[in-house]
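Asker: Starting off with a structure, shown below.
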């Protein structure tokens, strides 16, 4: 193969990696749009928390009626309002709900996004906020995360004992070892390329590479985990959720919604989704048995 062909291919690959890394790190300025808890008929308080490194985190708190509370984490390029359907379902069941913009997103501070690597400290700040409230029992706190918020959720639960129940919907990966073992030539090429990409991501963010979720997830036990995954069994989302599930220890449950796409599980099966969400938190935080 001529040298210029190889050189061009390498250049295009490095350029595409650079663009991907820049997209992952660049702040997301998506405005809070289209709804607040008031549109769901739920009272709320505007909240601003300060994380350990001084980053301001903007959010909403829906007061607890049953003494238990749940932290909600949105996905990449998102904002807290996108989690309002889940927040409303939990609030209607009596739960306090704290939802905030991830660092580097929307109204929260942070000069860059960190692929979730710096966000566990922000979850610790959220836990401390809930523990300071009179309506929230410090021993009855759960967490729910979507997409990259799910990755943060799993890592946070592995490191923060105060989180008593865990739900993730379409969780993302934090490190190369989180990606399921390659099964095809295409998978093998992607796996190899991803190693270089993660090195570049760490360099661009000025952070150490994060420990894989699969190397931490077993420590969440005996606290329960519910994995929610959409798409076909052979799809990336179900494969990754199953990979995490296989490395977790009991109690754990995986619920799949094959006819839904990433982020549409609740709109595809609204009642079943709500029931799954409420059941795990009722069992873990209120001591109620599953039907």
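Asker: Check residue 157 against each of (1) in a helix (DSSP H, G or I); (2) closer than 25 Å to residue 30 by Cα and name the one condition it does not meet.
Answerer: That leaves (2) as the condition not met.
Asker: Still on this model: Identify, by number, the condition in (1) free of Cβ contacts under 8 Å to residues at least 60 places away in the same chain; (2) crowded, with 18+ Cβ neighbours inside 10 Å; (3) touching a strand residue (DSSP E or B) at 6+ places or on another chain (Cβ under 7 Å) that residue 231 doesn't meet.
Answerer: Single failed check for residue 231: (3).
Asker: For residue 108, all conditions in the list (1) more than 14 Å from the chain's Cα centre (by Cα); (2) surrounded by fewer than 22 Cβ atoms within 10 Å (Cβ to Cβ) hold save one; what is the number of the exception?
Answerer: Of everything listed in (1) more than 14 Å from the chain's Cα centre (by Cα); (2) surrounded by fewer than 22 Cβ atoms within 10 Å (Cβ to Cβ), residue 108 misses just condition (2).
Asker: Another question, if that's okay. What single numbered condition from (1) within 23 Å of residue 160 (Cα to Cα); (2) touching a helix residue (DSSP H, G or I) at 6+ places or on another chain (Cβ under 8 Å) fails to hold for residue 256?
Answerer: (1)
Asker: Residues of the range 83-142 being within 22 Å of residue 23 (Cα to Cα) and part of a strand (DSSP E or B), which ones?
Answerer: If the condition is that a residue be within 22 Å of residue 23 (Cα to Cα) and part of a strand (DSSP E or B), then 100, 105 are the ones that fit.
Asker: Only one residue in 84, 62, 73 is under 25 Å from residue 173 (Cβ atoms), touching a residue at least 24 places away in the same chain (Cβ under 8 Å) and in contact with a helix residue (DSSP H, G or I) (Cβ under 8 Å, 6 or more places away or on another chain). Which one?
Answerer: Answer to the selection: 73.
Asker: Looking at the range 258-276, is at least one residue modelled with pLDDT under 95 and over 16 Å from the mean Cα position of the chain (by Cα)?
Answerer: no
The values are calculated or read from the model by the stated rules, or taken from the named source; none is laboratory data. None of these values were measured; they are calculated from a predicted model. As a convention, Cβ positions derive from the backbone with ideal geometry for all residues, glycine included, and neighbour counts pool all protein chains shown.
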